[in-house]
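Nothing in this text is a laboratory measurement; each read-out follows from the coordinates by a stated rule. Source: prediction; values computed, not measured. All Cβ positions, even for glycine, are placed from backbone atoms using ideal geometry, and neighbour counts span all protein chains on display.
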Amino acid sequence: MIVDVHSHTWNFPQDFSSDFIRQAGRARPDLKVDLSTSYDAYRNSSPHDTRTIVFGGKARLSGLWVDDKTVAKLVQADPERLIGFLSVDPTQDGWEREMRDGREVLGLRGIKLMPMYAGFSPEDERLAPLWCYAETHGLPVLLHTGTTFISQAPLAFTLPRLIEPVALRHPSVKIILAHMGHPYEGECIVTIRKHQNVFADVSALHYRPWQLYNSLMLAQEYGVWNKLLFGTDFPFTTVNASVDGIRKLNGMLEGTALPRLDPLQIEAMIHRDSLSLLGLNQT
């Protein structure tokens, strides 16, 4: 079984501002990305037994707003394979009510935060109720970390180390740093090594193979393969493409003396039971 911890659903283009859509062309300039999130397309590009964490996103600053009902509706269509996360933008009024409704009314089982996209720091005191709520109800929290294509999203709020005060105050909350914090992978790796409750996902990285090779080699040298979770960032890429890209990383080293990534650890990461690690294995 493969667990994809990082997949999106939304209504395109309704859930985006025209400015977001325009800037999204910089996401993968080598490839025109289709921002629609057809679930059939997702399933057709994934092994049959793939289980998936899916979420939308809320970030008024960047022009993205997906109602949590959109996520809940998709989960209801395939509850055996889908686990939904709610999303909040703490810069906007009513976010605490949306958080409670996401879990208590819609049945969503985790939280997705977009700090740089919405313009807040993960350690912002406004989020104290969120971290307490997550701790009380066993909700894992996945945060976007790393760069973006959106000009107005502040890089100052995306650094992996910003999660450390939260991890110390709430050691029982499972926290996932998305995209290994790229291009701040080193900072991400030392953060997940320090804190037992903090993990990183490898979503949306395989199409930068040299960068991903170096990032995974850092993880190998620091001994934190076990803290890396498989993810895709669909629709920016797919499960099959991600698995194939990760498995090919050592192939580009042929004819060199560069160290190889441990193939057993690569397979262990691809097939990691992330749902158990995050406390989501029970329906």
- Query: Hey, can you rank 198-207, 35-44 by average C-beta count inside 10 Å, highest first?
  - Reply: 198-207, 35-44
- Considering the options V71, F12, L168, tell which one lies farthest towards the positive end of the dipole of the range 3-277, charges being +1 on Lys and Arg and -1 on Asp and Glu at the Cβ, about the Cα centre. L168
- Item | Radius of gyration, Dmax [the range 182-281; alpha carbons; angstrom] | 13.2, 43
- Message: Suppose we keep just the DSSP beta bridges with both residues in the range 3-277; what percent of those would be antiparallel, to 5?
- Response: 10
- Which of the GluC sites (Glu not before Pro) found in the range 208-279 are loop residues per DSSP with 16 or fewer other Cβ atoms within 10 Å of their Cβ? E254
- In whole percent, what relative contact order does the chain give with Cα contacts below 8 Å and a gap of six or more residues? 19
- Query: From the Cα gyration tensor of the range 1-142, with a ≥ b ≥ c the square roots of its eigenvalues, which class applies: rounded if a/c is under 1.5, or else prolate if a/b is larger than b/c, or else oblate?
  - Reply: oblate
- Query: Per Stokes-Einstein, at 10 °C and 1.306 mPa s, what whole-number D in µm² s⁻¹ belongs to the range 1-67, with the Kirkwood radius over Cα pairs as the hydrodynamic radius?
  - Reply: 120
- Degrees separating the helix 209-222 axis from the principal Cα axis of the chain, which is the longest one: 90
- Note on the structure: Between the Cα axis of helix 95-104 and the main Cα principal axis of the chain, the angle (0 to 90°, nearest 10) is 80
- Task: Using 0.36 nm per residue of separation minus the Cα-Cα distance, give me the extension gain between T91 and D124 in nm, one decimal.
- Result: 10.8 nm
- Name the residue farthest towards the positive end of the dipole of the chain from the options S62, I111, L212, assuming +1 on Cβ of Lys and Arg, -1 on Cβ of Asp and Glu, about the Cα centre. L212
- Helix-derived mean residue ellipticity, 222 nm - over the chain, DSSP H n ≥ 4, -39500 (n - 2.57), to 500: -9000 deg cm²/dmol
- Note on the structure: Of all C-alpha pairs within the range 3-277, those more than 22 angstrom apart amount in percent to 54
